[in-house]
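Taken together, the values in this text are just the output of simple stated rules run on the coordinates, not laboratory data. Remember, it's a predicted structure, so these values are computed and weren't measured experimentally. Cβ placement follows ideal geometry from the backbone for every residue including glycine, while neighbour counts extend to all protein chains displayed.
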2 protein chains.
Amino acid sequence: MSKPGQPKSKDTSTEEKIIGAARKVFMQKGYAATRTRDIAEEAGINLALLNYYFRSKEKLFEQIMLEKFRQLFSVIFPIVNDDALTLDEKIETLVENYISLLIENPELPLFVLSEIRVNPERFKVTLQIPDLLRNSSLVRQMREKRPNVEPVHFITSLLGMTLFPFVAKPVLFSDHPGFNSLMEERKTLIVKWVKAMMQA
Amino acid sequence: MSKPGQPKSKDTSTEEKIIGAARKVFMQKGYAATRTRDIAEEAGINLALLNYYFRSKEKLFEQIMLEKFRQLFSVIFPIVNDDALTLDEKIETLVENYISLLIENPELPLFVLSEIRVNPERFKVTLQIPDLLRNSSLVRQMREKRPNVEPVHFITSLLGMTLFPFVAKPVLFSDHPGFNSLMEERKTLIVKWVKAMMQA
DNA sequence: ACAAAAATTAATCATTTGATTAAAATATTT
DNA sequence: AAATATTTTAATCAAATGATTAATTTTTGT
C-alpha cells in the first residue's frame, strides 16, 4: 500500500470533492470547530480517504487557508505596485475590484482574519504584508501627495471602508436583503470619499 | 451536596478567578479551541470546580460573550441617541471613545465578530443592532444633512475607519511597535475625514 | 464546639475525534 | 488474463475532552 505523493493527476474528482467539502465546512465553522467527519460526509466519501489524500486535518486546512489568503490579497498587490496607474486610478481599481470580489466571497475576510487571530504564529511567515505595502508604488504616491500624513492611515481607511462592511456583516447587516446592491453603490462613494480625504 | 444557584455572594474570589481565566483563554483561542482544562489550569483550580460554578463550558462562555458584546456596543448607543449632541459632536465623541476603548481592548472586535461568525444562530436574538441604529438620532441628523446618501454608508465608513485597524491588526500591523500612538493620532484624522466625507 | 452547608479535589465516565490498519474493490500495466 | 498498483471502505485505536461522582476539606450558623 503506497501513499499518493502526487496522485497521478488523472481522475482528481475525489481529491476535488474533498477540497470542495473542506472549503465549505472550514469556511463555515472554522478550523477548530470542524470535524474531519463533517468534511468526509459533505464530500460523500469515507473518512479514511481524507487522510489518504491529505495526511491530516491540518495539512488539508493549510491548503484551504493558503488559497483563501491568496484570494484575499491577490487583489491588492498587482494594483498597488502598478507604476502605470496614477494614484486616483489605483484607488478606483482597488475599490472596484475588491468589492466585486467580496460580493462573490462575503465570508472571505472574516474567515482569514479569524483563523489568523486564533493561530497567529502559524501564519507569521506569510505576513510580510506590512513590508510589501511599505515599499509599494501606492505608498510612494500617497507620500508625495500628502507628505505630512502617514500613508498607512489612508490605506487603513480605504481598506476599512471597503472591507469592514463584509467583516461586520453578521452584526450590522444580518439578513439585509439589499446588501449586495448597497455594496455596489458603495463603490463610487468610497472612491469619492477617499479622494476627499486626501484633499482634506 | 447542593449546587450553588446563587453561591452566597460571599467570597467570590474563586468565581472571579474562573471568570478571569475564561475571559483570557476564550479571548485568546476562541470557544471551539478552548479546553475547559485550560481555563481550570489558568485559574489555578480543579476542573470540577468550573462545572460546579458554571454548569458547563457553554454557560461560562455565554457570560464572557455577553460581557464582551456589551463592551463593544455600549460605546455606541449612548452617543448615537443623545439628542443633546450635534452631528459633529457625535462623530467626535464616538471616535474618541471608541479608539480609547480599543486601545485598551484591541482583540475585542475580532473576538466578537469571529464568534458570531461561527455561530450566528445563537446570537440572532441579541442582534437588533441594525434596527437600533436605524431609529437613532444620529441617523436622523445624517439624513437631514445629506438626504441623498444612505446614512448606513456614513456609519459603515466611520466604524470601518475606526474599528478596522484593530480587526486587521494581526495582518496589517503585526507586532508594529507604534501601533497605539498611531491609533491616537488617528482619532483626529478620522474626525476630520468623516466631516470631509459628509461635505463631498 | 458541633452540626450542617458549601467549596474543593481526585478519580472516573462516556463521547468525540483524528488517525491508522487491514482487507476489499477498482484500475492499470504487461 | 494475470499481476501489480491504486483507490476505497469498515473496523478499530488511542488520546482528548466535557462532565459527573463520591469523598474530603473548609466555612458557616447556632
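Charges at C-beta only: +1 for Lys and Arg, -1 for Asp and Glu. How large is the resulting dipole of the protein assembly as shown about its Cα centre, in Debye rounded to 20?
Around 800 debye, computed over the protein assembly as shown.
According to the Kirkwood expression over distinct Cα-Cα pairs, how big is the hydrodynamic radius of chain B, in Å?
It is 19.1 Å.
Hey, got the average number of other protein chain Cβ atoms within 10 angstrom for residues in A:27-35?
Mean number of neighbouring Cβ atoms from other chains: 4.
Per residue, what volume in Å³ does the Cα convex hull of the stretch B:81-144 take up?
97 Å³
Provide Rg over Rh for the protein assembly as shown; use the alpha carbon set for both Rg and the Kirkwood Rh (inverse mean inverse pair distance).
My calculation puts Rg/Rh at 1.00.
Gap in Å between the Cα centre of the stretch A:186-200 and the Cα centre of the stretch B:83-109?
22 Å
Using a 10 Å cut-off around each Cβ, can you sort A:SER100, A:SER56, B:SER174 from fewest to most neighbouring Cβ atoms?
A:SER56, A:SER100, B:SER174
Which is farthest toward the positive dipole end of the protein assembly as shown among B:PHE111, B:SER74, B:ILE64, measuring Cα position about the Cα centre, with Cβ charges +1 (Lys, Arg) and -1 (Asp, Glu)?
Of the candidates, B:ILE64 comes out farthest on the positive side.
For peptide B:187-197, what's the mean number of Cβ atoms from other chains within 10 Å of each residue's Cβ?
For this peptide, the per-residue mean of nearby foreign Cβ atoms is 4.
If you average 1/r over all unlike Cα pairs in the stretch B:14-110 and invert the result, what Kirkwood radius do you get in angstrom?
15.0 Å
Residue farthest toward the positive end of the dipole of the protein assembly as shown, with Cβ of Lys/Arg at +1 and Asp/Glu at -1: which of B:VAL194, A:ALA21, A:SER174?
A:ALA21
For the stretch A:138-196, what does the convex hull of the Cα positions come to per residue, in cubic angstrom?
With only Cα atoms used, the stretch A:138-196 gives 81 Å³ per residue.
When you look at the Cβ of every residue in A:166-177, what mean number of other chain Cβ atoms sits within 10 Å?
So the per-residue partner count for this stretch is 6.
Nearest 10 degrees, 0 to 90: what angle lies between the long axis of helix A:179-199 and the longest principal axis of chain A (Cα atoms)?
So the inclination is approximately 40 degrees.
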